[in-house]
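These notes are about the structure you will find just below.
The values are calculated or read from the model by the stated rules, or taken from the named source; none is laboratory data. A quick note: this is a predicted structure, and the numbers were derived from the prediction, not measured. Every residue, glycine as well, gets a Cβ built from its backbone with ideal geometry; the counts of neighbours run over all protein chains shown. Heavy atoms of the whole protein, side chains included, go into the accessibility calculation; ligands, DNA and RNA do not. Shrake-Rupley method; radii C 1.70, N 1.55, O 1.52, S 1.80 Å.
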Amino acid sequence: MDAIQKEHDKVWNNSKQSKTLQNVDDIIKQLQRARDAIAEDPNSRQITLAKLQNPVKTSFDGIFTGLKDTHGLHNKYTRALDKVFKEKVPSNEIDALSAHPTLINRAIYLHLLREGLFDVASTFHTEAMERQRMQQETAAHLGLDISMEHPLGLDKSSEENMQEQFSNMYHILSELKDNHNLQPAIDWARFNAAALEARGSNLEFELCRLQFVSLFMEQRDEDQHEFAGPMRALQYAQTEFQSFRGRYLVEIQQLMGAIPFCSNLAESPYNIRFNNCTAWDEVATSFTREFCSLLELSADSPLYVAATAGAIALPTLMKLQTIQKQKRTEWTSQNELPVETPLPPSYRFHSIFVCPVSKEQSTDQNPPMMLPCCHVIAQESLQKLSKGAKFKCPYCPIESHPKEAKRVFL
């Protein structure tokens, strides 16, 4: 993978350093100047066009050279990919998402909104609508009467609301990250205080605490004494921390206790509270997570999560495909992976159950069943052990009948 990353970096750096667009702009400007000169003095046409030849040729040579370099880097990048991923995906592979274009379109659209690419998201939406319109016209031309849902699975009001919400989120994040202005985020947290409180969120206090720290550490002017920053922070705490005393009293006491140590804060036990280099990134992440949660969306883009999880699983699946090819076997399961794919804890969103008897993961067709003794096994294991009659639990001496088992819902 290091070789792929190296070639990718070369392509990326080349795209940032490319002068192709500049050369194209130069040609356009030269042609426009020549046009204006000829329009002003038609007799100078031959001289103007003669003077135009060399600069235009130079610009075109620059374009061709840039394209040649880019083409060469893309070829090397392709070869690096082919070297690592040698096996080609067979054309008869099951495409689980081909029957769900609306889900794919919605995931892409929401991902673009999450990334703040509002113009790209708008273009994607327009093209999806146009594609659907063409499909409907084709069906009507063939005499077919079909009804299609919205290509993104959103109604117009939801779509407009989603754009407005994410636009607001990026405005607040921009103020937070670029200008270290916490007030828009604090105003949003207070406006949604009831919903955040129901979630057990501490976002509002995190924002106010960082505001306190920011005022405390703010550089003082030459005509102000060394306690100017701590005093501003103290005044802020007296007005803003009243509603937090019940739940965050210990944290507030620690912030107040740092005031006498302002002259030698680095040697005080409160230094970690005031010299946290990641505090702004952490509060921005918390804000993004809570903002998305109130929109009933996950903190991370589903498209990003799916692509990352797929990249993690890909080497295992490629190895499995090679083994199947050698043993001339096929992957017959359509609703689950043939092997377990280890994912990081942050990518585990649902509880799973692996039967302790069969060692297989439960499914809707083979759900977990709890016996009267509270031990849980898969339904297929229950049927094999009981054979319709009383049987002994495989983990304790208690006997029970399969009718007494209850399904467990995860």
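If you check R106, R133, which single one turns out to be of a type outside the set (S, T, N, Q), more than 20 Å from the chain's Cα centre (by Cα) and either modelled with pLDDT under 80 or assigned to a helix (DSSP H, G or I) (or both)? If you could, list the steps in order and put the result at the bottom.
Details: R106 fails: more than 20 Å from the chain's Cα centre (by Cα).
The match here is R133.
Residues checked against (1) closer than 14 Å to C208 by Cβ; (2) surrounded by fewer than 16 Cβ atoms within 10 Å (Cβ to Cβ):
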{"site": "P230", "(1), (2)": "no, no"}
{"site": "Q235", "(1), (2)": "yes, yes"}
{"site": "T239", "(1), (2)": "yes, yes"}
{"site": "Q242", "(1), (2)": "yes, yes"}
{"site": "G246", "(1), (2)": "no, yes"}
{"site": "I252", "(1), (2)": "yes, no"}
{"site": "L255", "(1), (2)": "yes, no"}
{"site": "C262", "(1), (2)": "no, no"}
{"site": "Y270", "(1), (2)": "no, no"}
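Test L303 against the criterion of being in contact with a His (Cβ under 6 Å, 6 or more places away or on another chain) and either under 30 Å from S167 (Cβ atoms) or among the charged types (D, E, K, R) (or both), and give yes or no. The answer is yes for L303.
The residues listed here are Q326, Q321; of these, the one that is at negative phi, assigned to a helix (DSSP H, G or I) and open to solvent by 50 Å² or more (accessible area, probe 1.4 Å) is Q326. Residue-level analysis places F124 outside the set of residues that are open to solvent by 60 Å² or more (accessible area, probe 1.4 Å), part of a helix (DSSP H, G or I) and modelled with pLDDT of 85 or more. Selection of region 109-121 for residues being open to solvent by 30 Å² or more (accessible area, probe 1.4 Å) and either under 14 Å from L154 (Cα atoms) or touching a residue at least 12 places away in the same chain (Cβ under 8 Å) (or both) yields H111, E115, F118.
Of the numbered criteria (1) under 29 Å from L112 (Cβ atoms); (2) loosely packed, with under 13 Cβ neighbours inside 10 Å, the one K406 fails is (1). Restricting attention to region 32-87, the residues being within 41 Å of the chain's Cα centre (by Cα) and not in a helix (DSSP H, G or I) number 3. Determine whether region 292-312 contains at least one residue that is assigned to a helix (DSSP H, G or I), under 27 Å from G200 (Cα atoms) and among the acidic types (D, E). Taking every residue of region 292-312 in turn, none turns out to be assigned to a helix (DSSP H, G or I), under 27 Å from G200 (Cα atoms) and among the acidic types (D, E).
Yes or no, residue by residue, for (1) touching a Cys at 6+ places or on another chain (Cβ under 8 Å); (2) farther than 30 Å from A311 by Cα; (3) aliphatic (A, V, I, L, M):
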residue	(1), (2), (3)
T341	no, no, no
F349	no, no, no
P356	no, no, no
S362	yes, no, no
P372	no, yes, no
H375	yes, yes, no
L385	no, yes, yes
S400	yes, yes, no
A405	no, yes, yes
